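Below is the structure I would like to discuss, written out as structure tokens.
The values are calculated or read from the model by the stated rules, or taken from the named source; none is laboratory data. Note that the structure is a prediction, hence the values are computed from the model and not measured. Cβ: placed from backbone, ideal geometry, glycine included. Neighbour counts: every protein chain shown. When the accessible area is computed, the model is the full protein with side chains, heavy atoms only, and any ligands, DNA or RNA have been set aside. Shrake-Rupley method; radii C 1.70, N 1.55, O 1.52, S 1.80 Å.
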Amino acid sequence: MTIETLPAVDADRVTALTHELRDLLGAAAVSDETAALDRASIDGSEMSPVVKEQLPLGRAQLVVTPTTAEEIALAVGAATRHGVPITPRGKGTGNYGQAIPMAGGLVLDMSKARTIVEIGDGYATADAGATLIAIEQAANKTGQQLLMFPSTVQSTIGGFVSGGSGGTGSIKHGMLHQGYVTALDVVHATPDAALVHVEGTDTEPYLHNYGTTGIIARVTVALEPQQAWQAFYASFEDFHDAFALVRSLVELDPIPRLVSADVPTIADALPSDTALPPGRASLRAILDPTTVVEATRLVEAAGGTVEAVREGIQPTMKVSMTSYNHPIEWLQKAATETYFHVEVSGDALIDRVDEVQQVYPGAMLHLEGQRGRPIGMLTAPYTGADDVWSGFTRLTALGVGFHNPHQWFVDYMPERSRELAATTDPNGLLNPGKLVEPTVVTGGK
Ligand SMILES: Cc1cc2nc3c(=O)[nH]c(=O)nc-3n(C[C@H](O)[C@H](O)[C@H](O)COP(=O)(O)OP(=O)(O)OC[C@H]3O[C@@H](n4cnc5c(N)ncnc54)[C@H](O)[C@@H]3O)c2cc1C
């Protein structure tokens, strides 16, 4: 796979934009200093050895840090008038280069536009740079909670709905395109850019496409009544028993917020904890307290040991932060070899796990419980991109759905995004390089 490098923007246009942004937002909000440009030119893509081999993908020429949704609109309008590409950025934790400014130009750093505008009955409205943990804590003060958040709980709501997919809460609520967002204020790349309010299904074409159809300035998400969640840890001699139990635990009622399981090698790479005894498979869950007795019975019947049950937001957040991609990141930090991963799904992850782990030499599975169709991250030592692609056929033969995460372009309903962007971004200034024809092997879950 070769990533096409896009030409940077003519320096005179960037200089003219710098002056205008300083007038509009103040000098402190605009930076062309090397350290700021360096920080704005990389995201979490080092997690993919396939993408890492090809870094740098692009370099910011200017960074602007608006502090409100209205300032976001001002910045987008100015950049559009000067014909300068705009790459939005939350916390930059996205994995595969989606926040890298491939055509240079302006990086729109949202991290200071973080006002939580309103917590209402059943909803929260926040500017794009508000973190998921801040919104969850604000919701908790009103006896409510987010439906879902990623394991990167310090990431931004704008970045999550633009680049993420699911996480803690997904067992009950599915993925973020399934009713998570109820309204958006978006900004189109037009010279007179302003906040455009969209609600309900009209929000969908702006989600999970890296800001290519519009910059998300403000987000309203649904809330539900708060539950007194408990962090639940169990360990097993044989990881097959832990994996099989995931299927039973997701059927508990009330539905768990999260159920994750790991083989011993991955569990040993997680941050040290008395609830993670070395050399044993780990099962971690966030449970409604009324289900802990039944979960304990199920663990013991399956030959496991309950290691800890902990109350409070910090212990449950800690369980969240060892879910989804996080165990792979911890493994990458602990291992001397370089590991890649592929997102996988289907019953075969439990029923045929030994065969699934044979798809790549040395492969291991991290499992996430879902009702109906478990999902997971299959990780293995990296021996080259062609070897990664060659496993896709073998996964398909086993009935495993997969998603290739080593790609930076919009692969979720790209035609719909292209159709909307034709009017909302007529000059192709929004996150250039992402709304393109796929050039690598891809697959669908
Ligand atoms: C270890 C690890 C674990 C992770 N776990 C999860 C997980 O559990 N679930 C999950 O879904 N993801 C996960 N991710 C991916 C990522 O962390 C999340 O999706 C996160 O919510 C992204 O938020 P961010 O603020 O870092 O966004 P960024 O990385 O800054 O941006 C993500 C994408 O959205 C665009 N964007 C950012 N802000 C806006 C905006 N306001 N308007 C329009 N476009 C915008 C960016 O250009 C980029 O394309 C994980 C990543 C890592 C490295």
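Once both axes come from the Cα atoms, what is the angle between helix 292-301 and the longest principal axis of the chain, in degrees from 0 to 90, rounded to 10?
The two axes meet at around 50 degrees.
Let me ask something else. For the chain, report the accessible area per residue in Å² (1.4 Å probe, heavy atoms, rounded to an integer).
With all protein chains present, the chain gives 38 Å² per residue.
For the stretch 116-226, rounded, prolate or oblate, judged on the Cα gyration tensor with a ≥ b ≥ c (square roots of eigenvalues), a/c < 1.5 rounded, else prolate if a/b > b/c? Walk me through the numbers on the way to the answer.
Working: a/c = 1.80, a/b = 1.50, b/c = 1.20.
Because a/c hits 1.5 or more and a/b exceeds b/c, the stretch 116-226 counts as prolate.
Of L276, M102, L55, which is farthest along the charge dipole of the chain in the positive direction, counting Lys and Arg as +1 and Asp and Glu as -1 at C-beta?
L276
If I take the Cα coordinates of the chain and project them onto the principal axes, what are the three extents in Å, biggest first?
Over the chain, Cα extents along the principal axes are 68, 51, 37 Å.
If you don't mind, another one. Taking the chain as the reference, fit the longest principal axis to its C-alpha atoms, fit the long axis of helix 414-424 to the helix C-alpha atoms, and give the angle between the two in degrees, 0 to 90, nearest 10.
It is inclined by approximately 30 degrees.
Here is a further query. Per the Kirkwood definition applied to all pairs of different Cα atoms, how many angstroms is the hydrodynamic radius of the stretch 11-109? Working shown, then result.
Values: mean 1/r = 0.0741 Å⁻¹.
Taking every pair of different Cα atoms in the stretch 11-109, averaging 1/r and inverting gives 13.5 Å.
Next up: Of the peptides 79-87, 240-248, how do they stack up when ordered by the mean number of other Cβ atoms within 10 Å, highest first? Let's see the in-between values first.
Numbers: 79-87: 23.6, 240-248: 20.1.
Descending packing order for the listed peptides: 79-87, 240-248.
For helix 11-25, what angle does its Cα long axis make with the longest principal axis of the chain, in degrees from 0 to 90 and rounded to 10?
Value to nearest ten degrees: 80.
Determine which lysines satisfy two conditions relative to K52: a Cα distance under 27 Å, and not lying fewer than 8 residues away in the same chain.
Reachable lysines: K91, K333, K434, K445.
I would also like to ask the following. Work out the length of the dipole vector of the stretch 11-109 about its Cα centre, built from +1 on the beta-carbon of each Lys and Arg and -1 on the beta-carbon of each Asp and Glu, and round it to the nearest 20 debye.
Details: 8 positive and 12 negative charges, 32 e Å.
Computed about the Cα centre, the dipole is about 160 debye.
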